[in-house]
Amino acid sequence: MDELKICYLYPDVLNLFSDSGNVTCMLKRLEWRGMKADVTEVPVGAKLNVNDYDLFFIGGGQDFENGVQISDFFGEKSKEIKKAVEDEKVFLAVCTGYQLLGNYYKATDGTQYDLSGAVNFHTIGTKDRFIGNYCFESEELSGLKIVGFENHAGKTYLSDGVKPLGKVLTGNGNNGEDMTEGARYKNVFASYAHGALLPKNPVLADKILATALERKYNKKFDLSPLDDTFELNANKYMVDRLLG
Amino acid sequence: MKLRAVIAIIACKITKFLIRVMKKGGTNFPGKIAVKICPSVLGVMARGVTTIIVTGTNGKTTTSRMIEQCLVEAGVSFFCNKSGANLLTGITNEFAQNSNIFGKCKKKYAVIECDEAAFRHVSKYVDAKYIVVTNIFRDQVDRFVELESTMSGIRAGIENSPNACIAINADCSLTTSLVKGVNNKIIYYGVDCPIYKDLVSEVSDAQYCINCKTEYNYEYKTYGHLGKYSCPECGYRRPDTEVFVTEVVSSDLDSTTVKLKISENEKLLRINLPGGYNVYNALSAAAVAKGMNLDEDKIITALSSFECGFGRMENFDIGGKNVRMILIKNPAGCNQVLNFLTNTVKEKCLFVTIVNDRISDGTDISWLWDANFEKLESLGDNLPMIYVGGARADDMANRLKYAGRSLDKIRVIKDDDELLEEIDKAKEDVFIMPTYSAMLSFREKISKRYNLKSYWEN
């Protein structure tokens with residue numbers, strides 16, 4: 001039976017916005033196709049061996065808890081993650097998890113936190129927050145409209161070699177300035193979108209799963225279609241509401 | 001007494017009167033006008049009224065109703081802010097309606113439910129004699145941003161209230177941290193034993209010590225992050241309780257029976273509301289009532305005769321069956337409802353969830369993915385169908401699908417009238433779980449159709 005090993009990083013602290021729905025979603029979509037996933041939670045303080053996993057998930061958290069988590073992230077874990085990204089392991093990173101993959105985060109008080117540098121971008125903290133439902137369009141997925149809920153004070157700026165996950169149609173995305181949302185680099189899928197993101201964007205969910213399966217088994221995977229009525233209705237409802 | 005305040009009170013009363021004549025349910029608008037005319041008018045009116053403020057994430061409304069029942073038993077004259085008018089404007093309106101035009105209040109006591117974010121503002125004008133903080137959980141994150149800001153708001157409110165006796169939930173490590181270093185009299189209350197045999201698994205809102213960020217040890221948990229916690233590193237721990245439950249004796253769909261200790265003697269109390277979270281609500285009311293030196297037997301009578309609040313486990317008799325409405329508004333509260341239902345439902349029934357995403361509901365519905373709907377499947381054949389309504393019905397239906405429910409056991413009915421029609425037709429008992437704005441509008445529909453009293457006439 002085809003199987004993915006999923007690493008859920010920091011479920012103990014990066015759990016504010018219910019992004020774990022993404023893990024639930026990936027598990028079910030494999031299960032419905034007769035495949036399997038094995039999820040290992042790697043909390044603060046636990047050792048991470050990236051070779052053990054095919055797919056990594058990191059979600060969003062809040063400031064107090066980031067204090068616990070960021071110190072754990074510096075050093076060993078950070079290096080391991082950079083190695084895994086270069087090794088073309090698949091990542092889904094949302095919000096804070098997304099920011100951790102960048103070069104650094106500059107806080108509003110001027111302090112610069114150097115991060116993993118796994119993906120070439122950086123984030124600048126601001127006093128304002130981008131909050132609300134939003135919609136962006138993926139060129140890679142043939143103009144697929146992706147919906148979610150953004151809630152972030154950091155503005156992210158992509159640098160050389162990194163593409164956005166999509167182009168903002170309504171809302172703010174990475175920084176509210178350049179119409180980009182999220183990041184794509186090797187097999188990294190990063191976004192600010194909560195919601196949870198994958199359950200109402202099943203095409204993106206399947207793209208991530210197929211990428212992980214293809215990398216692992218080194219062959220092409222055409223995932224069998226599922227009855228996605230509820231998923232697509234949830235997507236369509238928000239697309240219609242935002243774009244009219 | 002400024003003329004401006006008098007004008008504000010008069011304007012408030014007139015607007016309220018007009019709204020009532022026009023049969024509209026707006027509860028905040030008259031207060032808005034009063035605050036606009038004279039921002040400090042609340043301070044004028046609150047002088048001389050013994051005010052009890054109830055704040056915290058979950059259980060404010062029910063706790064307030066329980067305190068009121070205690071005051072009824074004690075024969076004290078009071079007023080309260082009903083139907084969720086718990087911001088500065090709604091509270092100002094409530095005081096104005098209970099004062100003469102010179103701001104002199106007609107009642108001795110006020111029981112005020114206060115939104116966590118509004119507390120710091122309200123406390124500038126109201127010198128509360130009693131404060132209850134029910135608990136702190138992750139609420140609508142898009143409004144409060146994060147727990148820290150909710151907490152600093154409540155802390156500021158407490159600092160504005162040096163004369164208050166404060167009832168604090170000892171089992172909530174976030175709540176107890178709010179009164180660190182204050183000189184107020186504190187009454188800690190808590191549950192000295194586990195409540196449920198079987199807990200839904202859920203994300204903890206406070207896994208790490210608030211002082212030193214070390215993971216807490218728990219002797220037991222009652223639900224969420226509530227329980228007997230202690231930090232192995234810095235020694236921060238659950239404080240000793242003064243009002244507490246020693247044993248949960250029994251629980252069913254209508255009530256929970258506990259052994260309660262308010263003073264020397266332990267008393268048996270049948271709380272006239274089901275669910276573990278209502279054990280906490282009863283405890284917080286008992287703690288405040290103790291602070292007010294109310295007679296212990298009267299407190300027990302009040303809590304056992306208490307009838308439930310607006311949309312919080314409210315019962316309707318519709319077509320010869322029982323329809324219960326239980327508000328859901330955040331993962332902690334929702335998980336409590338799921339704990340209660342899956343531990344208590346023993347017969348076939350119909351569930352209905354109605355999810356909106358207006359400001360009062362929280363515009364981000366991501367939290368549905370943190371609520372453990374998976375647990376519902378343990379009800380098996382007793383839960384053959386769930387109806388799903390509201391603006392975000394598709395998202396809710398999708399959530400239930402990923403929680404393991406088969407598609408033929410989920411029905412999306414977006415139109416409220418059609419949904420009510422289907423509920424009317426059902427033979428089995430019904431549990432409706434709406435978000436806040438859905439609760440208001442659906443309750444209104446039920447009231448109209450079955451001729452129940454409208455909430456602004458309460």
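Values in this text are rule-based calculations from the coordinates and carry no lab data. Computed from a prediction, not measured in an experiment: that's the story for all the values here. With ideal geometry, Cβ positions are generated from the backbone for all residues, glycine too; neighbour counts draw on all protein chains shown.
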> Where in chain B are the DSSP H helices whose alpha-carbon span along the long axis reaches 24 Å or more and whose Kyte-Doolittle mean is at least 0.0?
Replying inline: B:3-21
> So how compact is the range B:1-125: Cα radius of gyration and Dmax in angstrom?
Replying inline: 13.7, 39
>> Could you compute the net charge surrounding A:GLY21? Neighbours are other residues with a C-beta less than 9 Å from the C-beta of A:GLY21; K and R count +1, D and E count -1.
In response: -1
>> Need the C-alpha centroid separation for the range A:1-72 versus the range B:196-275, integer Å.
In response: 29 Å
>> Quick check: Cα centre of the range A:199-214 to Cα centre of the range B:70-101, how many Å?
In response: 54 Å
> Measuring from the lowest to the highest alpha carbon on each principal axis, how far does chain B reach, largest first, in angstroms?
Replying inline: 66, 58, 41
> For B:398-410, what's the mean count of beta carbons from other chains sitting within 10 Å of each residue's beta carbon?
Replying inline: 4
> What residue among A:LEU14, A:LEU165, A:LEU232 shows peak mean-square fluctuation when chain A is described by a Gaussian network model with Cα springs under 10 Å?
Replying inline: A:LEU232
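Could you give the C-alpha radius of gyration of the range B:312-457 expressed as a fraction of 2.2 N^0.38 Å, taking N as the number of residues it contains? Write out the running numbers ahead of the final one.
Numbers: Rg = 14.1 Å, N = 146, 2.2 N^0.38 = 14.6 Å.
Rg over 2.2 N^0.38 Å, computed on Cα atoms: 0.97.
Mind checking the alpha-carbon convex hull of the protein assembly as shown and giving the volume per residue in Å³? Mind showing how you got there, number by number?
Details: hull volume 114.9 nm³, N = 702.
Per residue, the Cα convex hull of the protein assembly as shown comes to 164 Å³.
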> Over the range A:69-211, what is the relative contact order in whole percent, taking alpha-carbon pairs under 8 Å and six or more residues apart?
Replying inline: 23 percent
> For the range B:312-457, what proportion of DSSP beta bridges, expressed in % and rounded to the nearest 5, is antiparallel?
Replying inline: 25 percent
> Shape call for the range A:184-244 from the C-alpha gyration tensor, a ≥ b ≥ c root eigenvalues: rounded (a/c under 1.5), prolate (a/b greater than b/c) or oblate?
Replying inline: oblate
> Ratio of Rg to Rh for chain A, alpha carbon only, Kirkwood?
Replying inline: 0.94
> Stretched out fully, how many nm does the piece from B:LEU379 to B:LEU452 gain, at 0.36 nm a residue minus the Cα gap?
Replying inline: 23.1 nm
> What nm distance separates the two modelled labels at A:GLN112 and A:GLU214, each placed 7 Å from Cα along Cα→Cβ?
Replying inline: 3.7 nm
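Expressed as a fraction of 2.2 N^0.38 Å, the rule-of-thumb size for a compact globular protein of N residues, what is the C-alpha radius of gyration of the range A:105-244? Let's see the in-between values first.
Details: Rg = 16.0 Å, N = 140, 2.2 N^0.38 = 14.4 Å.
Normalised by 2.2 N^0.38 Å, the Cα Rg of the range A:105-244 equals 1.11.
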